[in-house]
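The values are calculated or read from the model by the stated rules, or taken from the named source; none is laboratory data. What you are looking at is a predicted structure, and each value in this text was computed from that prediction instead of being measured. Cβ sites come from the backbone with ideal geometry, for glycine too, and all protein chains shown count toward neighbours. In case anyone asks, the SASA skips ligands and DNA or RNA and just uses the protein heavy atoms, side chains included. Shrake-Rupley method; radii C 1.70, N 1.55, O 1.52, S 1.80 Å.
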Amino acid sequence: MVSTLRFSMTRRAMLLASVAIAAGSVGIAHADGLPPLKPKATYKVGFAQTESNNPWRLAQTASMQEEAKKLGWQLVYTDAAGSAAKQVADVNSMIAQGVDAIFLSPREEKPLIPAVMAAKKAGIPVFLIDRNVDATLAKPGVDYVTFIGSDFVLEGKQAGEWLVKATGGKAIILELEGSTGSSPANDRKKGFDDIIAANPGMKIVASQTGDFARDKGRQVAESLLQAHPEATVIYAHNDEMAIGAIAAIEAAGKKPGKDILIVSIDGEKDGLQAIIDGKMGATVECNPRFGPAAYAAAIAYSKGEKIPPTMVNKDNFYDMSNAAASIATSY
Ligand code: GZL
């Protein structure tokens, strides 16, 4: 019995090996069922963008387009105009077009799961860039290749730590949240709120979404300032909303940077200018230039290299000490 078992095991091992070698010519077979990306001179890839409503998103799109052009790859680009449902449809259209790989910035953590699974089922590898999906519903290295982006919890933490120092641990805070359900909004909130909770002299008295948009941020800041005239700080999940809040503070006859301190995230040009002008205290960079890292990950994957489940971008930190020196290379 043992000998028979050993013999059949050997045959099975040989069969598996031959499948793996065969797969090698069409891309590395992945035991965990991840679709391969076969080695080719150039690719036809999809980039499903969430929207183009601010400089961060425009810079990300430009980077993906410029790098694809440099590589001679064909890029199928879609813009979901802020609709997760349209972004799902956009990914499905890329699947129908038979792209070799899909780069996706999921607008929100849950609605894009079906699109990620549909691509996997169709044998098309997905690389999540910038935003993530709900980790309890889809796994890197199993359902998609990897997540490339910033550590949003750390960004929120850095903003909170700066604020503790800048206020001596005393602040009444209004929080402007990013797009509801998005991983940057969820995680920037977690990182920041945990720091504030550890400082008894600091309190978040209101927290509301401004959808990462400048004018929505202004409107929400206006209403929160009216409801909380005692506020001394505004924490915005991105510079666009911070700049909207500056307009709201000035419309209320107050001085941004004096009466109300502002801390934010992204590091866009207008945000750095607001720091230079003394209207904003600090911003944590969130680098939007994904093209090189995204396509390098795909090429490494096609060669069968081990791709880590997450690839974290390095973010700088900008305040009055370095904003002027950094604005020229900002976006
Ligand atoms: C963060 C990115 C966010 C930016 C916003 O990676 O998803 O979306 O912080 C953008 O400016 O709208």
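Looking across the range 159-212 at every residue that is in a strand (DSSP E or B) and of a type in the set (Asp, Glu), the one that is farthest from the ligand (Cβ to nearest atom) is identified as Glu175. Scanning the range 163-181 for residues that are farther than 14 Å from Ile260 by Cβ and either crowded, with 19+ Cβ neighbours inside 10 Å or among the β-branched types (Val, Ile, Thr) (or both) returns Val164, Glu177, Gly178, Ser179, Thr180.
Every residue, every condition in (1) open to solvent by less than 30 Å² (accessible area, probe 1.4 Å); (2) within 20 Å of Arg107 (Cα to Cα), yes or no:
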{"site": "Thr209", "(1), (2)": "no, yes"}
{"site": "Leu224", "(1), (2)": "yes, no"}
{"site": "Ala236", "(1), (2)": "yes, yes"}
{"site": "Met241", "(1), (2)": "yes, yes"}
{"site": "Ala251", "(1), (2)": "no, no"}
{"site": "Lys254", "(1), (2)": "no, no"}
{"site": "Gly257", "(1), (2)": "yes, no"}
{"site": "Ile260", "(1), (2)": "yes, no"}
{"site": "Val263", "(1), (2)": "yes, no"}
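Considering the conditions (1) modelled with pLDDT under 95; (2) within 16 Å of the ligand (Cβ to nearest atom); (3) part of a helix (DSSP H, G or I); (4) not hydroxyl-bearing (Ser, Thr, Tyr), Gln60 is excluded by exactly one of them, (1). Within the range 104-131, the set of residues being touching a Pro at 6+ places or on another chain (Cβ under 7 Å) and not small (Gly, Ala, Ser) comprises Leu112, Lys120, Ile124, Pro125, Leu128, Arg131. Listed by first and then second residue, the pairs linking a residue in the range 258-284 that is under 21 Å from Ile172 (Cα atoms) to a residue that is more than 14 Å from the ligand (Cβ to nearest atom) and polar (S, T, N, Q), with Cβ atoms under 7 Å apart and 6 or more places separating them unless they lie on different chains, are Ile260/Thr232; Leu261/Thr167; Leu261/Thr232. Answer yes or no: is there a residue in the range 248-256 that is within 28 Å of Gly82 (Cβ to Cβ) and under 19 Å from the mean Cα position of the chain (by Cα). Scanning the range 248-256 turns up no residue that is within 28 Å of Gly82 (Cβ to Cβ) and under 19 Å from the mean Cα position of the chain (by Cα). Of all residues in the range 97-114, those being open to solvent by 50 Å² or more (accessible area, probe 1.4 Å) and closer than 21 Å to Gln65 by Cα number 1. Annotation: of all residues in the range 135-158 being in a loop (DSSP other than H, G, I, E, B) and within 24 Å of Ile195 (Cβ to Cβ), the one that is least open to solvent (accessible area, probe 1.4 Å) is Ser150.
Okay, residues lined up against (1) within 11 Å of the ligand (Cβ to nearest atom); (2) in the same structural domain as Asp193 (by TED's automatic domain parsing); (3) over 19 Å from Thr329 (Cβ atoms):
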| position | (1), (2), (3) |
| --- | --- |
| Glu230 | no, yes, yes |
| Ala242 | yes, yes, yes |
| Glu250 | no, yes, yes |
| Lys258 | no, yes, yes |
| Ser264 | yes, yes, no |
| Lys269 | no, yes, no |
| Ile275 | no, yes, no |
